[in-house]
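The values are calculated or read from the model by the stated rules, or taken from the named source; none is laboratory data. As the structure is a computational prediction, the values presented were derived from the model and not from experiment. Note that each Cβ is placed from the backbone with ideal geometry, even for glycine, and that neighbours are counted across all protein chains shown.
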Amino acid sequence: MADFLLELPKAELHLHLEGSVEPETLHELDPATPVEEFRAMYSYDNFDGFLKAFGGVGKRLRTPADYALVTRRLLERLAAQNVRYAEIILAAGVVLWKGQDFAPIYDAVREAARDSPVEVHWILDAVRQFGVDAAMQVAQWAAERAGHGVVAFGIGGSEERGPAEWFPEVFRFARNAGLRLTAHAGEGTSPRSVWAALELGAERIGHGISAIEDPGLVRHLREHDIPLEISITSNLVTGVVKRWEDHPVRRLFDAGVPITLNTDDPAMFGCTLAGEYRLAASRFGFSEDELRGIAENGFRYAFAGPLRDGISPQAAMLFSRHE
């Protein structure tokens, strides 16, 4: 299984750049601060604690060169796991909150990814609780870069403090600009949050695990081929799922809901994409054939092309090469 998972071509569709920054990379950026201090930041027992730590990492990314460095370090780790494709979520809402100039930061991360063996595209993410005006600013930044590396617009952050019902105009603007749409929803909240994201036009749902509580929503996701971006370790570390055996990944899969496996914030949760596949096998009984199908979903539901009519030519090529 270990060899199979390493050789399997994989895609990451739910991966936050800021959440990928290892404590050692923060120390590389700031050698005067002991690495142990950075490691201590990555300790939390609930979702709000995680959001605070995520913001703390964002504050330490001060220059375009900082963003470029963390991008290179992330892509090195992805390439080592045979990740061939990644849609990296850039917290543009945090950049806005920090008062930084977004253009040179985006130029830096795009340039840093240019020579990577991993094919990289970008999703600009607005922070829900920062409100509608801030989200629209992020959507405008994304629209200006549609076709230039940015493939989608999304919203993250606190579902309770930034309900999806606030953002129909923002999502309409992003869609009209040619962007694909995604949203974090149903992570630690009710199925209603997922329904609200779908009403905005979200084509993929980040997490969405509370959908299992609503048979009608499960049926809707299955019948309309709407994938959930599942991140098992993330849900355990943030406490939205209390025990391994309570995680609904197996039940969602068995119900026919399309899923992908992802790391979300790999440095902050101490996980890797290969490790998430191993967890799916060891904890939830996924077979090699099932894991291969989930890996194919990572390419099938990618935003960087007309991929909704079955597996993409890119994915078919990668998998035929693997076989």
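Quick one: in the range 7-38, of everything that is within 17 Å of the chain's Cα centre (by Cα) and in a loop (DSSP other than H, G, I, E, B), which residue is nearest to residue 154 (Cα to Cα)? So that I can check it myself, show each step before the final result.
At the first step, the residues of the range 7-38 found to be within 17 Å of the chain's Cα centre (by Cα) are 10-22.
Applying the additional criterion that residues be in a loop (DSSP other than H, G, I, E, B) yields 17, 21-22.
Values: 17: 14, 21: 21, 22: 24 Å.
Across the range 7-38, the extreme among qualifying residues is 17.
When only residues in the range 112-128 that are more than 20 Å from residue 171 (Cα to Cα) and out of contact with any helix residue (DSSP H, G or I) (no Cβ under 7 Å at 6 or more places or on another chain) count, which is surrounded by the most Cβ atoms within 10 Å (Cβ to Cβ)?
119
Quick one: which of 154, 162 is buried (at least 21 other Cβ atoms within 10 Å of the Cβ), touching a Phe, Trp or Tyr at 6+ places or on another chain (Cβ under 9 Å), small (Gly, Ala, Ser) and outside any helix (DSSP H, G or I)?
162
So which pairs qualify, if the first residue must be in the range 278-292 and in contact (Cβ under 8 Å) with a residue 60 or more places away in the chain, the second must be of a type outside the set (Gly, Ala, Ser), the Cβ gap must be under 6 Å, and the two must be at least 6 apart or on different chains?
281/1; 288/4; 291/277
Does the range 271-281 include one or more residues that are surrounded by fewer than 19 Cβ atoms within 10 Å (Cβ to Cβ) and farther than 30 Å from residue 53 by Cβ?
Within the range 271-281, not a single residue is surrounded by fewer than 19 Cβ atoms within 10 Å (Cβ to Cβ) and farther than 30 Å from residue 53 by Cβ.
Any chance the range 153-163 includes a residue that's over 21 Å from residue 260 (Cα atoms) and in contact (Cβ under 8 Å) with a residue 60 or more places away in the chain?
The answer is yes; a qualifying residue exists.
Look at residue 145 and say whether it is basic (Lys, Arg), touching a strand residue (DSSP E or B) at 6+ places or on another chain (Cβ under 7 Å) and free of Cβ contacts under 8 Å to residues at least 60 places away in the same chain.
no
Can you pull out the residues in the range 39-60 that are assigned to a loop (DSSP other than H, G, I, E, B), in contact (Cβ under 8 Å) with a residue 24 or more places away in the chain and out of contact with any Phe, Trp or Tyr (no Cβ under 6 Å at 6 or more places or on another chain)?
Of everything in the range 39-60, those that are assigned to a loop (DSSP other than H, G, I, E, B), in contact (Cβ under 8 Å) with a residue 24 or more places away in the chain and out of contact with any Phe, Trp or Tyr (no Cβ under 6 Å at 6 or more places or on another chain) turn out to be 42, 45, 46, 60.
For a quick check of your reading of the model, give me the residue pairs whose first member lies in the range 177-203 and is farther than 15 Å from residue 235 by Cβ and at pLDDT below 95, whose second is assigned to a loop (DSSP other than H, G, I, E, B) and not hydroxyl-bearing (Ser, Thr, Tyr), with beta-carbon atoms closer than 7 Å and at least 6 apart or on different chains.
none
Search the range 75-102 for residues that are of a type in the set (Ser, Thr, Tyr) and assigned to a helix (DSSP H, G or I) and pair each with any residue that is buried (at least 24 other Cβ atoms within 10 Å of the Cβ) and at pLDDT 95 or above when their beta-carbon atoms are under 9 Å apart and the residues are at least 6 apart or on different chains.
So the pair list comes out empty.
Given the conditions (1) at pLDDT 95 or above; (2) of a type in the set (A, V, I, L, M, F, W, C); (3) more than 15 Å from residue 271 (Cα to Cα), and given that residue 78 satisfies all but one, which numbered condition is not satisfied?
Status for residue 78: all satisfied but (3).
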